[in-house]
Amino acid sequence: MTEFAETSPLDALRLDPGAHRPRRLRRTQALRDLVRETTLAPDDLVYPFFVVPGEGMRKPVPSMPGIDQLSVDGLGREAAELSALGIKAVLLFGIPSSKDAMGLESFADDGVVQQAIGALKDSSPELVVATDVCLCEYTDHGHCGLLDADGYLLNDETLELLARIAVSHGEAGADIVAPSGMIDGMVGAIRTTLDGAGLERVAVLSYAVKYASAFYAPFRDAAEGAPAFGDRRTHQMDPANAREALREAALDVEQGADGLVVKPALGYLDVVRAVHERFPELPLAAYNVSGEYAMVKAAAANGWLDERAVALEILTGIRRAGADLVVTYHAKDAARWIQ
Ligand code: PBG
């Protein structure tokens, strides 16, 4: 007669009664909420605007579905929408009416960004207005500063222009200027010039760690600032380098940066973490750039990914890596989703 075993072979695999069971804390949504380590709130998000000259303009950016270029008169309504969503900050990019070799419109009193700052501050005084400080949208060659005869970006000659842009944004009422060109010494030059102009209140949020990334391609459509020739690899960082990021960040901290930006975000979460750990006392922003947004939108449009779930997962991941703030084109949608 065959004897049947009283116990299943699986019994040997059973955990002891006292075993650790992390799943206990994942059993219900309330438990999961209770032990969540990373939060994502609308006031962690910064929403970028692309401002164009003219009136009544709202021009969709083809490679960034959901994002439009807007004229100044449309900004008040946008600001009200952001405020209703709990988003407290915008980052302005300007597309000038004309471009030249020096990008002179970038610091014109009646330039498109300067007007946009005024309009936003009139309609929503509490909104934090940050501005991108760079020349690439304003120069006819599309580079981020002055070039020598060989097309090499001149460093110190460009500093003066960046400082003039920052002062003109500060005078128009910007709360924060964000130099994005990766020009050596840009933070110090801007800080000194702002202070000299009586603009001590204006904060400098430096794109201290910005990589020469192919993920900026849709942005260059939106801001119409693609280089006419060459690329930005002589000033933006090599994507292969992380230790160098700490050196860049340290230099900007020394020069008086009030906050730091790492950009792009997704391929660089290790860098976000490293900068956060090295400079925990400074607010850190990560820029979830145009190409990162476009990938999600394209996959979602094809039904390959759930846009809402993926975008929130990405933004949470960026926060978890150590970013206090996330600059993102998903901001409005994300704020709606998390409300
Ligand atoms: C430069 C600037 C760029 C971005 C922000 N500021 C483009 C570049 O360096 O080529 C990219 C932002 C994005 O891709 O979303 N003014």
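The values are calculated or read from the model by the stated rules, or taken from the named source; none is laboratory data. This is a predicted model, so every value here is computed, not measured. Neighbour counts are summed over all protein chains in view; Cβ atoms, including those assigned to glycine, are modelled from backbone coordinates with ideal geometry. The accessibility values were calculated without ligands, DNA or RNA, using every heavy atom of the protein model including side chains. Shrake-Rupley method; radii C 1.70, N 1.55, O 1.52, S 1.80 Å.
General observations
- Checking each residue in region 227-238 for being more than 21 Å from Met186 (Cα to Cα) and either within 18 Å of the chain's Cα centre (by Cα) or open to solvent by 70 Å² or more (accessible area, probe 1.4 Å) (or both) picks out Ala228, Phe229.
- Close Cβ contacts (under 6 Å, 6 or more residues apart or on different chains) running from residues in region 193-212 that are in a strand (DSSP E or B) to residues that are basic (Lys, Arg) comprise Val204/Arg191; Tyr207/Lys263; Lys210/Lys263.
- Residue check for Thr192: under 24 Å from the mean Cα position of the chain (by Cα) and either under 18 Å from Leu104 (Cβ atoms) or surrounded by fewer than 16 Cβ atoms within 10 Å (Cβ to Cβ) (or both): no
- The single residue among Val90, Val129 that is touching a Pro at 6+ places or on another chain (Cβ under 9 Å), within 24 Å of Lys332 (Cα to Cα) and open to solvent by less than 10 Å² (accessible area, probe 1.4 Å) turns out to be Val90.
- Matching option when the condition is touching a residue at least 60 places away in the same chain (Cβ under 8 Å), aliphatic (A, V, I, L, M) and crowded, with 24+ Cβ neighbours inside 10 Å, among Ala323, Ala294, Ala335: Ala323
- Filtered residues of region 320-330 (kept if within 14 Å of Leu91 (Cβ to Cβ) and out of contact with any helix residue (DSSP H, G or I) (no Cβ under 8 Å at 6 or more places or on another chain)): Val327
- Flag if Gly230 is among the small types (Gly, Ala, Ser) and away from the ligand (no atom under 13 Å from the Cβ): no
- Taking the conditions (1) open to solvent by 50 Å² or more (accessible area, probe 1.4 Å); (2) closer than 30 Å to Tyr138 by Cβ; (3) touching a residue at least 40 places away in the same chain (Cβ under 8 Å) in turn, Thr39 satisfies each one other than (2).
- Residue in region 277-284 that is at pLDDT 95 or above, more than 30 Å from Ser98 (Cα to Cα), within 13 Å of the ligand (Cβ to nearest atom) and open to solvent by less than 60 Å² (accessible area, probe 1.4 Å) present: no
- Looking only at region 197-220, and only at residues there that are more than 10 Å from the ligand (Cβ to nearest atom) and of a type in the set (D, E, K, R), the one that is surrounded by the fewest Cβ atoms within 10 Å (Cβ to Cβ): Arg201
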